[in-house]
Every structure is written in structure tokens, then in C-alpha cells.
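Just below is one structure, and these are the notes that go with it.
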Amino acid sequence: MTTVVTILFFGVAYGMILYLISVGLSVTMGLMGFINLAHGVFAMLGGYVTVTLMNRLGVPFFPSLAAACAAVTVLGFVLERGLYARLYGRSELDQVLFSMGLIFVAVAIARMVWGPLAQPIQLPDYLKGQTDVLGVSLPAYRITLVAFGAVVVGGLWLVFDRTLFGARIRAAVDNHDMAEAIGIDTSRLFAVTFGLGTGLAALGGGLGADVLAIVPSYPLLYIVYFLIVVAVGGLGSIKGPFIAALFIGLADTACKYAVPEAGAIFVFLLVYILLLWRPNGIISRSRADG
Amino acid sequence: MNPSSASSARVLVAALRASSGPLQAAPWLAAAAGFFLFPGYEPLATQIFVMILFAMSLDLLVGYAGIVTLGHAALFGCGAYTAGILALHGMTDPIATALCAMAAAAAVGLLSGSLMLKTKGLALLMLSLATTELLHEIANKAAFWTGGADGLQGISFGPVLGEFALDFRGRTAYVYSLAALFIVYLFLRALINSPFGWSLRGIRENDARMRALGCSVFSRRLAAYVIASALAGLAGALQAQTTQFVALDSLSFELSGNVLIMLILGGSGRLTGALIGVPVFMFAQDALAKQDPANWYLWQGLILIGLTLFAPGGILGICSRAWRALQRRGGP
């Protein structure tokens with residue numbers, strides 16, 4: 001019983017990190033139809049900024065996260081305007097190659113600035129211990145992950161479903177030309193959404209620095225997981241990636257616990273089956289790839 | 001335009017036209033001459049030949065059939081492990097093991113291709129990536145067969161054709177891999193100029209129209225995928241035979257990415273792109289990664305971004321644009 005709760009809990013915590021990092025990718029890919037392999041770069045930068053602020057300047061955990069999120073949001077906005085926007089409508093291959101180029105540049109810069117070794121995060125004391133929940137002792141850090149993730153999911157849902165900004169995004173995902181025809185400034189919308197998506201990734205990277213270690217090869221190491229969440233969840237939605245991220249988090253944790261000698265084999269098999277069953281994802285709003 | 005520059009352009013155009021036949025033969029003559037001119041560089045040259053073969057097999061998919069895959073290393077690694085495992089179990093004839101490796105890679109290509117080619121766009125990319133990751137994880141965990149993360153060590157092969165030993169100097173490996181590459185090049189050239197090759201280009205340009213013409217799009221794409229898989233498996237087998245080692249990295253996403261970059265750097269969809277892109281990539285990697293691997297990553301990234309933003313078509317794309325500009329200046 002305790003084992004089951006622990007696996008469930010660790011799986012959900014892992015899924016929350018995957019969700020925070022990937023949801024922005026899902027929305028921006030659905031909006032712009034851009035195959036962006038470099039999304040992990042922003043999560044990595046979020047992690048580095050958080051760790052650096054905490055370890056070198058002694059800034060507390062949550063203010064560091066906020067600063068990382070803000071800094072990367074601005075960077076994402078600038079990169080979208082300066083580089084990404086030039087490649088909308090180009091072939092899939094060009095977009096894949098361009099985003100791979102961005103990954104390599106980011107890996108090189110991370111290595112030059114922070115060195116090849118992992119940057120350990122020094123969690124504040126109140127996140128280090130264990131807390132009893134329903135008679136099971138669980139690490140406080142992961143409880144925070146889950147709580148934080150839940151708040152972000154709620155907030156995203158409010159923005160996406162209940163605000164004019166969210167309605168504009170949904171409109172542009174459903175039909176880009178029509179959205180533009182009724183007066184939505186789609187290029188500004190793209191840039192703002194891209195910035196917010198990368199900011200969320202930075203938040204996920206910083207918050208999850210103890211789960212997904214912050215190393216220069218971060219964008220290459222975890223790219224598969226982020227892309228899987230998006231591909232399985234479906235483009236242009238915030239609900240699909242949530243289900244997919246929880247599913248992947250739980251399945252990965254459970255399989256690695258139950259059959260450690262099989263490693264990640266089952267997860268990749270599951271992804272295979274899911275993608276063949278629903279090539280456009282569990283929930284898809286996008287028409288571009290339909 | 002200045003008349004003297006026009007006439008000199010005309011002379012240049014005529015000279016280049018006259019030499020287009022020898023130009024095609026030039027890389028092969030250079031490779032053959034290299035055997036006598038650069039003793040000591042055989043192992044590096046062999047690596048380059050193997051990667052060219054690998055990149056050419058990818059060109060059939062990316063450049064002709066329009067299938068963008070991030071999982072071509074799956075088939076390379078499959079061939080490499082097949083050859084290595086066979087050698088460990090007593091089957092050491094290089095050509096026989098290479099043929100087995102091709103068959104194994106073709107089988108994997110048939111299975112994965114028949115599943116993933118039913119999708120397109122992001123799902124196809126992801127399935128190709130998932131195939132590599134799946135095989136990588138299997139090879140990593142099945143250490144009993146594959147040596148796990150340490151790779152497959154201590155493999156050795158018999159002499160080629162029962163006559164020429166694959167020795168440490170690498171003279172045999174040089175000729176053996178160059179011969180394999182040349183045969184594959186002739187085969188692919190014939191294939192892309194056949195009706196089948198033209199139907200692949202048609203599918204790349206407009207698959208709906210090809211379907212309307214009565215062409216079986218799925219089975220043609222699958223056939224191309226299986227052929228490319230077998231050739232990638234051959235490249236993997238050659239790698240295992242000439243280096244006597246199979247690394248777990250031969251099934252990595254990074255190798256899939258690198259071979260794609262080598263191909264694009266030279267120029268895809270022209271078969272000769274791999275002949276240019278692979279050596280340029282490998283020499284640049286050698287020169288730039290010497291002091292610091294970060295250095296190489298940075299340049300690789302910048303070159304990729306530059307290529308996609310400013311020079312689609314790679315090095316040969318730049319050359320052919322320059323050629324057309326020259327023709328316009330030089331007149332007919």
C-alpha cells in the first residue's frame with residue numbers, strides 16, 4: 001500500500017515537471033505549426049539561472065524561480081521575434097535543423113559558462129525533510145512540486161478558457177487566417193505566447209532541478225520526454241499534455257520500480273502504441289497536422 | 001555589363017560544362033589516389049567512407065522520398081550490432097556478416113517503417129525518434145548480448161574474400177569500404193533515375209496527386225524506407241568491421257542528428273551532397289573539438305542556423321546558385 005502511494009506520488013510529481021516544461025511547447029507548436037526541438041533549452045536556462053542565483057548570490061528559492069521565469073520569458077520573446085518568426089511556413093526539415101542548431105549553441109554556451117558538470121541545487125531546509133500525508137512519509141520537495149503544478153494547471157486553465165487572451169489563442173490555433181481576418185494581431189500573439197511558454201519551461205526547469213539534473217546536455221537528454229508529452233497529448237491544447245505528462249510520469253516511475261532491468265523500454269513501447277492509435281494526440285485542437 | 005567580363009564568364013561556363021563528366025568522377029579518383037598519397041590516414045578515410053554511405057542512405061529518404069526521420073541511427077546501430085554479435089559467435093566472414101546485417105536492418109526497417117509511415121508530421125518524427133530510443137534502451141539493458149553501455153568489445157573479423165586481412169594499418173579496410181561505397185553509389189544512382197525513383201520525387205512534391213494518379217504511395221515510401229534501412233545497416237556493419245568495436249552511441253539520437261546535418265551541409269536530394277558534407281563535417285569536427293568540445297558544438301549550431309536561414313540546399317546548393325548566376329552572365 002505504502003509502495004503504491006509512493007509510486008503514484010513520485011509519478012505525479014515527475015509528471016508535473018514534464019507538464020510545466022512541455023505545455024508551452026504544445027501551445028506554441030499548435031499555434032505556429034513550428035517543429036521546435038529546442039524547447040528544452042529554455043528549461044535548462046531556467047534551471048541554470050535559478051541555481052546560480054541561489055548558490056552564488058544567496059537568493060531564496062522562490063524569488064530565484066520567479067527571476068528565472070521572467071528572464072527566460074523575455075529571452076523567448078526576443079528569440080521568437082528575431083529568429084523563429086523567420087522560419088514560419090518553412091519546411092519541417094528546415095525547422096528541425098534550425099532548432100537543432102539552437103540546441104547545439106545553447107549546449108556550448110552552457111558548457112562555457114557553467115562547465116561540464118551538473119549544477120546541484122541547494123534546496124531550502126523547509127523543502128528537505130519528509131512530511132506525513134495519510135500515514136505515508138513523503139518528501140516535502142515533491143509535495144511542493146505537485147502543489148505548484150496544480151496551481152499552474154488551474155491558472156493556465158483560467159487564462160486559456162476564461163480570458164480574452166485565451167480565446168484569441170484558441171481562435172488562432174483553430175484557424176489562423178480567420179483569426180487574423182477578425183482583427184487578432186497574430187504575430188504579436190505568437191510572440192507573447194512563445195515568451196510565456198518558454199517562461200513556464202524555465203519555471204519547470206528550475207523547480208525540477210532536483211529531478212532532471214541541470215547539465216549542459218540537458219536539451220539533448222530530455223528532448224524525447226518533452227516531445228513525447230506534446231505528441232501524445234496533442235498540439236495546441238493544455239489539457240492533452242496534462243493527461244499525457246501524468247501518464248508518462250506515472251508509467252515511467254512505475255515501470256522503473258517494477259522492472260528496473262527493462263529501464264525505459266515499456267515507456268517507449270507505450271508511446272509507440274499511443275501514437276499509432278492517435279497520431280494527432282489524445283486531444284488535438286490543431287488543424288495543421290490533421 | 002562589361003563585355004570582357006561577360007566573355008570571360010562565357011569561357012568559364014563552357015569550361016565547366018565540358019568538365020562536368022570528369023567532375024563527377026573527381027571524388028572517386030581522389031579517393032583512389034588517397035590510398036597512395038596519404039599513408040597513415042587510412043582509418044580516418046575509412047570512417048569518412050562509412051559515414052558517406054550512411055548519409056547517402058538517408059538522402060534517399062530525406063532528399064528523394066521526403067521522409068524526415070530523426071531515427072536513422074536505429075538502422076545503422078542495428079547493422080553494427082548484428083555484424084558484431086555474429087562475429088562473436090563465430091561467423092567472421094566480412095561480406096557474409098555485412099549481408100546478414102543488411103537483412104537485419106531491412107527487417108527492422110520493414111517493421112518500424114510499416115508502422116510509422118502510416119503517420120506524418122510530428123507523429124512520424126516522434127515515432128522515428130522513439131524507435132531509436134527503444135533500440136538504444138534495449139541494447140543498453142541487454143548487456144548479455146550487446147555489452148551494454150561499454151559497447152561490444154573484442155570482436156574480430158576474418159579476411160575479406162578469404163584473402164585480405166583487416167589489419168591495423170587499415171589498407172584493406174580502406175579499399176573494402178571504398179568499394180562498398182562505390183557500389184552503393186552506383187546502385188542508388190540507378191535507383192533514383194528509375195521510374196521508382198521518379199515516383200518517389202512525385203510523392204515528395206505532392207502525395208495527394210500521386211495517389212490520384214493511381215500510385216500506391218504507402219508501399220513506395222515503405223519500399224524506399226526498407227532499401228535505405230538495408231544500406232544504413234551496411235554502413236553500420238562496415239563500421240563494426242573496420243573499427244572492431246560497436247559503441248552504444250551507434251544507436252543514439254545524436255548520431256541520427258549528426259548524419260542529418262552532414263547530409264544537409266553538403267546538400268540533400270542530389271546524392272553527391274554526402275560526398276561533400278561528410279568530409280567537411282568530420283574535418284571541422286576534428287579541428288574544432290580538439291581543444292574543447294563546447295567549441296565544436298557552438299560552431300555546429302551556428303552553421304546549422306546559418307544554413308537554414310540563409311543557405312538552404314547546403315554547400316552544393318550554394319554552388320548551383322553560383323553556377324546559374326554565372327550562366328546568366330555568360331549567356332547560352
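Bear in mind these aren't lab numbers, they're just calculated from the coordinates by the rules spelled out. Keep in mind that this is a model prediction, so the values were computed, not measured. Glycine gets a Cβ as well: all are built from the backbone with ideal geometry, and neighbour counts include every protein chain shown.
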Given (1) among the hydrophobic types (A, V, I, L, M, F, W, C); (2) under 29 Å from A:Cys255 (Cα atoms); (3) in contact (Cβ under 8 Å) with a residue 60 or more places away in the chain; (4) more than 10 Å from every other protein chain (Cβ to nearest Cβ), identify the lone condition not met by B:Leu129. (4)
Within segment A:226-244, residues being within 13 Å of A:Leu270 (Cα to Cα) and touching a Leu at 6+ places or on another chain (Cβ under 6 Å) number 3
A:Gly236 vs. criteria more than 12 Å from chain B (Cβ to nearest Cβ), crowded, with 24+ Cβ neighbours inside 10 Å and not hydroxyl-bearing (Ser, Thr, Tyr): no
List every residue pair whose Cβ atoms sit under 7 Å apart, with the two residues 6 or more apart in sequence or on different chains, where the first one lies in segment A:125-139 and is farther than 17 Å from A:Ala209 by Cα and the second, anywhere, is of a type in the set (Ser, Thr, Tyr). A:Gln130/A:Ser137; A:Val136/A:Thr2; A:Val136/A:Thr6; A:Leu138/A:Thr131
Does A:Leu235 count as in a loop (DSSP other than H, G, I, E, B) and either without any contact (Cβ under 8 Å) to a residue 12 or more places away in the chain or within 15 Å of A:Val23 (Cα to Cα) (or both)? yes
A careful count of residues in segment B:279-304 that are surrounded by 14 or more Cβ atoms within 10 Å (Cβ to Cβ) and either within 20 Å of B:Ala55 (Cα to Cα) or not aliphatic (A, V, I, L, M) (or both) gives 16
Just a yes or no: is a residue in segment A:36-55 assigned to a helix (DSSP H, G or I), free of Cβ contacts under 8 Å to residues at least 24 places away in the same chain and buried (at least 18 other Cβ atoms within 10 Å of the Cβ)? yes
Index of the failed condition, B:Arg204 passing every other in (1) within 22 Å of B:Pro159 (Cα to Cα); (2) in contact (Cβ under 8 Å) with a residue 60 or more places away in the chain: (1)
Within segment A:186-205, can you find the residues that are of a type outside the set (S, T, N, Q), more than 18 Å from A:Leu145 (Cα to Cα) and either crowded, with 24+ Cβ neighbours inside 10 Å or in contact with a Gly (Cβ under 7 Å, 6 or more places away or on another chain) (or both)? A:Phe194, A:Gly195, A:Leu196, A:Gly197
Some residue of segment B:177-197 being among the hydroxyl-bearing types (Ser, Thr, Tyr), over 26 Å from A:Ser91 (Cα atoms), out of contact with any strand residue (DSSP E or B) (no Cβ under 9 Å at 6 or more places or on another chain) and crowded, with 18+ Cβ neighbours inside 10 Å: yes
Test: A:Pro120 is touching a residue at least 40 places away in the same chain (Cβ under 8 Å) and within 11 Å of chain B (Cβ to nearest Cβ): no
Selection count where residues are in a helix (DSSP H, G or I) and out of contact with any strand residue (DSSP E or B) (no Cβ under 6 Å at 6 or more places or on another chain), scope segment A:121-142: 5
Checking A:Pro260 against (1) more than 14 Å from chain B (Cβ to nearest Cβ); (2) out of contact with any helix residue (DSSP H, G or I) (no Cβ under 7 Å at 6 or more places or on another chain), which single condition isn't satisfied? (1)
Is there a residue being facing another protein chain (nearest Cβ under 9 Å) and under 30 Å from B:Arg204 (Cβ atoms) anywhere in segment B:70-92? yes
On the basis of being part of a helix (DSSP H, G or I), touching a Ser or Thr at 6+ places or on another chain (Cβ under 6 Å) and hydrophobic (A, V, I, L, M, F, W, C), does A:Ala150 make the cut? no
Just to be sure I understand, how many residues within segment A:120-130 are surrounded by 12 or more Cβ atoms within 10 Å (Cβ to Cβ) and farther than 23 Å from A:Thr52 by Cβ? 1
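Matching residues to (1) among the hydrophobic types (A, V, I, L, M, F, W, C); (2) out of contact with any Ser or Thr (no Cβ under 6 Å at 6 or more places or on another chain); (3) in contact (Cβ under 8 Å) with a residue 60 or more places away in the chain; (4) closer than 30 Å to A:Gly30 by Cβ:
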| site | (1), (2), (3), (4) |
| --- | --- |
| A:Val59 | yes, yes, no, no |
| A:Ala66 | yes, yes, no, yes |
| A:Ala85 | yes, yes, yes, yes |
| A:Leu145 | yes, yes, yes, yes |
Sort out which residues of segment B:238-254 are among the hydrophobic types (A, V, I, L, M, F, W, C) and either surrounded by 24 or more Cβ atoms within 10 Å (Cβ to Cβ) or outside any helix (DSSP H, G or I) (or both), and write them in order of number. B:Leu238, B:Ala240, B:Phe245, B:Val246, B:Ala247, B:Leu251
State which residue is farthest from the other protein chains (Cβ to nearest Cβ) when the search covers only segment A:71-109 and only residues that are outside any helix (DSSP H, G or I) and out of contact with any helix residue (DSSP H, G or I) (no Cβ under 7 Å at 6 or more places or on another chain). A:Gly89
Would you mind stating whether A:Phe268 is farther than 22 Å from A:Ala167 by Cβ and at the interface with chain B (Cβ under 10 Å from one of its Cβ atoms)? yes
Which residues, counting only those in segment A:132-171, are loosely packed, with under 14 Cβ neighbours inside 10 Å and under 15 Å from A:Ala13 (Cβ atoms)? A:Val133, A:Ser137, A:Ala147, A:Ala150, A:Val151
Hits in segment B:135-169 (condition: more than 18 Å from B:Ala101 (Cβ to Cβ), without any contact (Cβ under 8 Å) to a residue 40 or more places away in the chain and at the interface with chain A (Cβ under 9 Å from one of its Cβ atoms)): B:Glu137, B:Lys141
